[in-house]
Amino acid sequence: FLTGFFHISEPLTAARTVNWQTRGSTSDHLTLGNNVSTSGPDLTTQNFKQATKENVSNVTFVEYEVLLPGECVSGTSIEKNITLDNATTIELSCRLDSKYSHLKSLQVAWKRGNETIRHIRKTENSWSIQLKILDNSKLGSYSCMLEGEEEISAKFHLQPKIKGKEKPVVSYEGDKAVLICKSFDYAPIAWTWYMTNGGEQIAINDSLVADKYVINRISASVTHLIIMKLTKEDDGVYWCEAAFELGKSKAKLTLKVLSLVVPLKPFLAVVAEVVILVTIVVLYEMYSKKKEKHAVEFWNLTSLSYREAEESNGLENSSARHRKI
Amino acid sequence: PPPANVGRAPGPPDGGWGWVVVFGAFVSIGFAYAFPKGLAIFFKEIQDFFGTSYSEIAWVSSIMLATTYGAGPISSILVNRYGSRPVVMFGGLLCGIGMVSAAFCTSILQLYICMGFVTGFGLALNLQPSVIIIGKYFLKRRPIANGLAMAGSPVMLCTLAPLNQFLFDNFGWRGSFLILGAILLNCCVAGALFRPIGAATASVKTQATEEGKDALKEEVTKDAVEMNSPTNIPMETKREEEGGKDCCEKINQYLDFSLFKHRGFLIYLIGNVLMFLGFFAPIVFLAPYAKHIGIDEYSAAFLLSILAIVDMIARPTTGIIANSKWVRPRIQYFFSFSIAFNGTCHLLCPLASGYTGLVIYSTFFGLAFGMVCAMLFETLMDLVGAARFTSAVGLVTIAECCTILLGPPIGGTLIDTFGDYKYMFIKCGAVMVLAGTFLFIMNYYNYRVLAKEEKERKAKEEDPKSVRTENEDRNNWNKETVGDGPELEPLREEREGLKKEVNGT
């Protein structure tokens, strides 16, 4: 059984479509373009370039293709993840490697789960279906299956990407903090902020407690959450969620609230070090001045004849003595 | 040998405690130059915090830089009056106070004042006296001392950049400013090391009575009369010539405006003001240029690291080269050459393609940058002499202040207008090559005139009527050659000293 799966899922990142032409890689996830996706509960992002793009009426029409390989390796499944962020008409096609051309009658079926979808045989060795993805319900996993030895599936997974901040944001009690989320490529319809309270995510409503939270939408792709009058309880994880036409995606931010004592300790340590060093320098200088004073008194007694000799000798000698010091 | 303050004008020690002073100057200069650059890490966060645009934040940096350079004359006046040590310690204290108060700011305007003005002023009080005191402690080995002290800037920058990042990740920007304020207090330690040298020697007093000066003048100029005791004579002769105009005289005590009649000083001033127009812009735009031609962010940052490391090595090395017997008498040519070399690097930069080309450019740029910086103050000292240097450095920095501030924005405008970085590099390169050539030609002329004056002076020496004391000779010579600092004196002694060295080794 050769199967190709197309898994079309919630857009979590804006899909910049990448020109992917799979060569029948046997990895579980075929990645095109730059980003690697690791499937799982986490939201992952991938970028895909558009293979072809035609505007059919008001809806963009994108074609995605997967090539089923000639080598039969057991248990292989080709999965492609496609990210869509808005309503699109897409065409998914499975193309067979020329190795199969010897098979006269090929049974290819397009399925979504158990449901079979009518397909069009575009050419001798490629089969395609057209899908109109207009809302969440159409997202999912589509597979093309070739009756044969092995099963190959191609999964398409689209995730628009938004970004928070990896490092924690540090602020102080009584101060304010600004948490920022950015969306790349596409502008979300709406932003929502959540705070985690005992494992649960609670939406932040800025109109309820006016003095505490302010949510600013700086631009279409950037949102600011300003938390004022910070307390220890505000410390923790925050989520920003971007809603796109076809789904939502989240990003995580961490806020650390410190008390003023925390930076005070290193501050006092450095100040102490400075005071100690200055004291040492001053003491050393006083000590060496005392030594010099004794020497000066001694030399003063003998310096008179010294000076007379110098003046009588004139310019050259005194320059020489200058250099000697 | 008898201690320095016995009965005659002491020469600079050229060693001993001088090296400790160099270390102090290393720290102080390092903070003064590197600290404003290191703050760039915090700007993005502060910009988001206060909700301002990037240019408003960039003003903090500009104000700090402008104050550091613009407060130069004030620094010079204070050093003339009180000596280097109290000024540096006060400067360190001011920096600390500035940054600590910046940690508690609630608006961008307060940041301008605390970070921009106060800290900038404190850094100015650090920078000038550190450079000045090197001139007081060194003569023969002054270029080395200058090179070593100026190396503080890249070393501090390399230390501050990761430190700032670490502080920021752990304490946020407010906590970081608090701790940085404490770190800046280390400038006070550096200042404590600046032991005053050559104060109130007996020969100075006899000098004063010979000239018939009043006690007030003596006290004020005492600190300025370190080793070359007759060097304050030019100021005295000025007074006699001007017929005792008290107001101008008083100002000249604190800040020697007569320098503007000094040929060497004017040459230096014009050349340097021109040079600074193209000096800093390439550094500011190197990383953006790298990203523009497609290099990733980390490699672009690495270019700056290469620059800093090469700079670090280049400065003391240039100091050693400049101290050698071949270069020292003609140090002005070496300086002009390094400026022109710097300019040529910029002119060739647009030809660099790809990352390797830029790495080569960064290396040569770091080398040229280090060479110029190491000799920046050394050449000024060489031209005006150590005593007048105090005022000279103040006047030079305030003049340079304008072009330093103008340089990067002009570069930025060129980039925005033409959409291409190469015009900025061409402009910087052309300006610097021009400055280098100007300095070369004018210094050639200056050397010739000085040689002529030296000959005339030697002719006068033969005259049996002139009193044969070293100081009187210099007095006459100075009266004839108006505004000529005693730069020939150290050069002459230098040459004789070097001859002795060569013969001795």
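The values are calculated or read from the model by the stated rules, or taken from the named source; none is laboratory data. Please read all numbers here as calculations on a predicted model, not as lab measurements. All Cβ positions, glycine included, derive from the backbone under ideal geometry; neighbour counts span all protein chains shown. Each accessible area value is taken on the protein alone, full model and side chains, heavy atoms only, with ligands, DNA and RNA left out. Shrake-Rupley method; radii C 1.70, N 1.55, O 1.52, S 1.80 Å.
Points worth noting:
- A straight chain from B:F166 to B:F257 at 0.36 nm per residue would run longer than the Cα-Cα distance by 28.2 nm.
- Extended-chain gain in nm, criterion 0.36 nm per residue less alpha-carbon gap, A:Y287 and A:Y306: 4.1 nm
- Förster radius 22 Å - calculated FRET efficiency between B:I270 and B:W326, Cβ distance, rounded to 0.05: 0.25
- Surface composition of the range B:12-197: carbon plus sulfur atoms hold 74% of the accessible area, using a 1.4 angstrom probe and ignoring ligands, DNA and RNA.
- Taking all protein chains as shown and a probe of 1.4 angstrom, A:K232 keeps an accessible surface of around 110 Å².
- Inter-label distance, B:I360 to B:I313: 1.8 nm, where each label sits 7 Å from its Cα along the C-beta direction.
- Rg/Rh (Cα only; Kirkwood hydrodynamic radius) as it applies to the range B:255-456: 1.01
- Interface burial in the range A:259-275, defined as at least 30 Å² less accessible area with all protein chains than with the chain alone at a 1.4 Å probe, covers A:P263, A:P266, A:F267, A:V270, A:V274.
- Restricting the range B:263-356 to chymotrypsin sites (Phe, Trp or Tyr not before Pro) in coil, as DSSP defines it, with at most 11 other Cβ within 10 Å: B:W326
- Viscosity 0.890 mPa s, 25 °C: Kirkwood-radius Stokes-Einstein D of the range B:337-393 over Cα pairs, µm²/s: 192
- Rounded Å value of the spacing that divides the Cα centres of the range A:264-280 and the range B:281-327: 34
- What the range A:163-260 shows is 49 Å² of accessible area per residue, with the surface traced by a 1.4 Å probe over protein heavy atoms.
- Solvent-accessible area, 1.4 Å probe, carbon plus sulfur percent, for the range B:393-438: 75
- Rounded accessible area per residue of the range B:255-456, 1.4 Å, Å²: 39
- Burial of accessible area (probe 1.4 Å, heavy atoms of protein chains only) in the range B:149-182, relative to its chain alone, reaches at least 40 Å² for B:D169, B:F171, B:R174, B:L178, B:I179, B:A182.
- Interface size, chains B and A: roughly 4000 Å² of accessible area buried, both sides included, 1.4 Å probe, rounded to the nearest 100.
- Computed extension gain for A:S219 through A:W299, at 0.36 nm per residue and net of the alpha carbon distance, reaches 20.8 nm.
- Label positions at B:Y444 and A:E273, each projected 7 Å from the Cα along the C-beta direction, are separated by 5.2 nm.
- Accessible area per residue in Å² at 1.4 Å probe, computed on the range B:12-197: 29
- Here the accessible area is traced with a 1.4 Å probe on the protein chains. For the range A:163-260, carbon and sulfur cover 54 percent of it.
- Candidate residues B:H262, A:H294, A:H224: accessible-area rank, largest first, probe 1.4 Å: A:H294, A:H224, B:H262
- With the simple model of a label 7 Å out from the Cα in the direction of the Cβ, B:W59 to A:N205 spans 4.0 nm.
- For the residue pairs A:K167/A:K248; A:K250/B:K37; B:K261/B:K452; A:K291/B:K325; B:K140/B:K458, the C-alpha atoms sit more than 25 angstrom apart in A:K250/B:K37; A:K291/B:K325.
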